[in-house]
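Chemist: Would you mind keeping the following structure in view while I ask a few things?
Where a number appears in this text, it was derived from the coordinates with a stated rule and is not lab data. Everything quoted here is computed from the prediction, not taken from an experiment. Counting neighbours? That spans all protein chains shown, and the Cβs are built from the backbone with ideal geometry, glycine included.
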Amino acid sequence: MLTIFGATGGGLLSNPLIVFLSVLVITYVFVKFCSWAKSFELSSKVKLAIYILTGLGLVGFNVMYYQGNAAIQATGDWGAATTALLVTFAWVFVFAFALMSEKKAE
C-alpha cells in the first residue's frame, strides 16, 4: 500500500509484486533443491520410513494447524501457527529429498 500523509499500510508483504517475486524465488530454490537431491542415493528402507513418517505427519501437522488457529483466535498469538508452518515447510524439504533421491542398489 502507498503511504499517504503518514498513514502506513500492511507493510512490504502487502505489495502484490513483492509477493509474486517471492513465490518465484521460492519456487526456483525448491526446484534447485530437488535437482540437487537427485544426485543422492537412499536405501529403500529409509525412503519407506520417510514416507510413513510423512503419512503420520499429515495428522500431526493438521493438529498443529488447528492449535495454531485456536491460539490466534483466543489470544492473537501467532507463535503456534508460525511454528506449525515452519515445521511443515521443513518436512516438505525432507519428503522432497526422499522422493527425488535415487534408490540405492541392494
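Chemist: Return the pair list, or none, for Cβ contacts closer than 6 Å from residues in the range 70-96 that are in contact (Cβ under 8 Å) with a residue 40 or more places away in the chain to residues that are surrounded by 12 or more Cβ atoms within 10 Å (Cβ to Cβ) and hydroxyl-bearing (Ser, Thr, Tyr), at least 6 apart or on different chains.
Modeler: That search, which allows pairs on different chains as well, returns PHE95/THR54.
Chemist: I'm trying to understand the selection: among the residues of the range 22-42, which are surrounded by 13 or more Cβ atoms within 10 Å (Cβ to Cβ) and within 13 Å of ALA105 (Cα to Cα)?
Modeler: The answer is LEU42, and nothing else.
Chemist: If you don't mind, there's one more thing I want to ask. Restricting the range 91-106 to residues that are among the small types (Gly, Ala, Ser) and part of a helix (DSSP H, G or I), which is surrounded by the fewest Cβ atoms within 10 Å (Cβ to Cβ)?
Modeler: Looking at the filtered set, the residue picked out is ALA96.
Chemist: How many of the residues in the range 59-76 are surrounded by 12 or more Cβ atoms within 10 Å (Cβ to Cβ) and either under 25 Å from THR27 (Cβ atoms) or not hydrophobic (A, V, I, L, M, F, W, C) (or both)?
Modeler: 9
Chemist: For the range 67-90, give me the residue count where each residue is in a helix (DSSP H, G or I) and in contact with a helix residue (DSSP H, G or I) (Cβ under 9 Å, 6 or more places away or on another chain).
Modeler: Result for the range 67-90: 15.
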